[in-house]
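Here's the structure, in structure tokens; my notes come after.
The values are calculated or read from the model by the stated rules, or taken from the named source; none is laboratory data. The structure presented is a predicted model; accordingly, all values stated were derived computationally and were not measured. Please note: Cβ atoms are built from the backbone with ideal geometry, for glycine as well, and neighbour counts cover all protein chains shown.
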């Protein structure tokens, strides 16, 4: 178990709406190194969970945010107390919806206004791709 904090990074969770990067005396995020990789990986975790029949809630996510610029960011699924095992396309749609909503909330609390449009467009593009990929999955 770790708090996710180090000399070079802070950790913000999705389960506390009052905490964001500025809570740790860091500026809002103006750029993310490999934004496509980060967002794509996030949606891929939603698809992987769906393949295994796992439904997760949006409070499962934690973000590791570097203090450098451009910001390096990663995430983990850490709050696993409410995981549910069910196999259906409906669970997949809920997982992808939770991923999208978590990224939108993350953007709202942590991303600088000048970078938001780019971030949101990237999230929308990967959400559409993930829902298309979900349609191809067999249950």
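Give the residue, chosen from 68, 88, that is at pLDDT below 95 and under 17 Å from residue 11 (Cα atoms).
Unique residue meeting the criteria: 68.
Listed here are the residues, each with its yes/no results for (1) within 10 Å of the chain's Cα centre (by Cα); (2) part of a helix (DSSP H, G or I); (3) surrounded by 21 or more Cβ atoms within 10 Å (Cβ to Cβ); (4) at pLDDT below 85.
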| position | (1), (2), (3), (4) |
| --- | --- |
| 36 | no, yes, no, no |
| 46 | yes, yes, yes, no |
| 79 | no, no, no, yes |
| 103 | yes, yes, yes, no |
| 115 | no, yes, no, no |
| 124 | no, yes, no, no |
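From the list 55, 75, 62, which one is closer than 17 Å to residue 119 by Cα, modelled with pLDDT under 90 and crowded, with 16+ Cβ neighbours inside 10 Å?
75
Could you please give the count of residues in the range 126-138 that are outside any helix (DSSP H, G or I) and surrounded by 11 or more Cβ atoms within 10 Å (Cβ to Cβ)?
Here the count works out to 1.
Among the residues in the range 10-22, are any assigned to a helix (DSSP H, G or I) and either surrounded by 19 or more Cβ atoms within 10 Å (Cβ to Cβ) or at pLDDT 85 or above (or both)?
yes
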